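The numbers here are math on the coordinates, done by the rules we state, and not lab data. Not measured: the values here are computed from a predicted model. FYI the Cβ positions are ideal-geometry reconstructions off the backbone, even for glycines, and counts take in every protein chain you see.
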Amino acid sequence: MIRIAIQAKGRLNEDSMALLTEAGMRISESRRKLLAQAEGFPLEVLYLRDDDIPQAVADGVADIGIVGLNEVEERGKDVEVVHRLGFGKCRISLAIPKEEDYEGLSWFSGKKIATSYPGILGKFFSENGISANIETIAGSVEIAPSVGMADAIFDIVSSGGTLVSNGLKEVEKVLFSEAVLIAGKTLSEEKRQLLAQMVFRFEAVERSRGMKYMLMNLPQDKVEDAVKILPGMKSPTVLPLAQDGWCSLHVVVREDELWTKIEQLKGIGAEDILVLALEKTIR
Ligand code: ATP
Ligand code: MG
């Protein structure tokens with residue numbers, strides 16, 4: 001049995017749950033408890049606030065956890081980042097009032113900066129020889145400059161829209177974050193093995209993200225042209241058809257390239273193109 005801590009509610013909850021489900025670890029949604037048993041894998045799920053996840057994993061309350069890299073860095077707990085999960089992407093940046101001239105980090109010397117990430121900011125400033133006043137506040141960091149609480153902020157940015165609507169501009173991107181899988185450093189051999197199995201399943205799910213399975217009928221003498229249109233992947237599978245001179249071609253394509261590939265393939269005579277969802281890719 002292995003115990004994973006995930007965010008109880010908030011931005012990472014849904015993707016964390018979806019990842020576990022797609023990896024064959026179902027958690028019944030009915031009457032969700034603080035601690036739930038998964039089906040399909042010897043896994044317990046502990047629902048916590050994201051702030052508490054690094055500590056829970058460091059202390060062994062949970063064996064592993066899914067949390068933003070930003071929280072891992074901020075808490076500074078002794079945990080291992082096992083795997084990047086590719087969702088919950090954001091960055092933590094320094095932003096200043098938009099009318100200010102900005103010529104470099106020295107702008108921040110002697111200034112007051114509001115943030116919920118004093119640990120990361122303190123480290124960044126000391127590495128860069130900047131001495132500034134870090135004002136820790138729990139929320140609504142972006143309004144601090146306009147109400148006179150601070151000269152600048154250090155906060156999470158995803159699109160940048162919140163900054164603009166508060167009259168701020170992003171001047172330094174300090175940390176790029178995404179959800180990560182973390183583990184305690186003293187897991188038993190049994191738990192290490194379960195963790196490796198989970199990572200294997202997560203990778204299979206990740207490889208299939210944004211990929212489609214495509215099959216089509218193609219004149220036999222166009223197979224070489226089709227292979228040129230579909231570079232970068234292993235050769236497509238070619239199966240004979242009952243009708244002479246035709247074959248069935250199967251291939252995995254990236255979703256963002258799907259329509260250009262379809263148009264090119266139609267151009268060389270492909271017919272009856274089917275596009276199917278790709279659920280897992282096992283290597
Ligand atoms: P909790 O109640 O669990 O403490 P929270 O309010 O601290 O939740 P959320 O706003 O749910 O946290 O964000 C969780 C994580 O999602 C962040 O720590 C960060 O890693 C990631 N994230 C991705 N994009 C954003 C964004 N635009 N704003 C805030 N967090 C983001
Ligand atoms: Mg939090």
Three-way shape label, the stretch 130-175, alpha-carbon gyration tensor, a/c 1.5: oblate
Difference of contour (0.36 nm per residue) and Cα-Cα distance, Ser235 to Asp272: 11.3 nm
At most 11 other Cβ within 10 Å, DSSP loop - GluC sites (Glu not before Pro), the stretch 194-283: Glu279
Relative contact order of the stretch 211-277, pairs being alpha-carbon contacts under 8 Å that are 6 or more residues apart, as %: 54
Positive dipole terminus of the chain, leading residue within Asn70, Ala277, Ser140 (C-beta point charges): Ala277
Charge dipole magnitude, Cβ of K and R +1, D and E -1 - the stretch 90-177, Cα centre, debye nearest 20: 200
Nearest-20 debye value, the stretch 126-283 charge dipole, Cβ charges on Lys, Arg, Asp, Glu: 520
Gaussian network model of the chain, Cα within-10 Å springs - most flexible of Pro219, Pro145, Pro97: Pro219
Dipole in debye (nearest 20) - the chain, about Cα centre, beta carbon charges: Lys, Arg +1; Asp, Glu -1: 540
Three-way shape call for the stretch 90-177 based on the alpha-carbon gyration tensor, with the a/c threshold at 1.5: rounded
Helical contribution to [θ] at 222 nm, DSSP H n ≥ 4, -39,500 (n - 2.57), averaged over the chain, rounded to 500: -7500 deg cm²/dmol
Anisotropy class of the chain from Cα gyration tensor, a/c 1.5 cut: oblate
The chain - percent relative contact order, Cα under 8 Å, separation 6 or more: 19
Which listed pairs, of Lys9/Lys191; Lys89/Lys185; Lys169/Lys280; Lys9/Lys169; Lys9/Lys77, have C-alpha distances above 32 Å, in listed order: Lys169/Lys280
Residues Asp244, Asp52 arranged by fewest to most Cβ contacts within 10 Å: Asp244, Asp52
Ranking of Thr237, Thr162 by count of other Cβ atoms within 10 Å, fewest first: Thr237, Thr162
Virtual paramagnetic centre 7 Å along Cα→Cβ of Ala18, amide N under 18 Å, in the stretch 250-267: 255-256
Phi-based couplings in Hz for the stretch 157-162 (Karplus 6.51, -1.76, 1.60; Gly and Pro marked x): 10, 10, 9, x, x, 5
Sites Ser158 and Glu279, calculated FRET efficiency, Cβ-Cβ separation with R0 41 Å, nearest 0.05: 0.90
Residues Ile268, Ile282, Ile4 arranged by fewest to most Cβ contacts within 10 Å: Ile282, Ile268, Ile4
Charge tally in the Cβ shell below 10 Å around Thr162, where Lys, Arg are +1 and Asp, Glu are -1, Thr162 excluded: -2
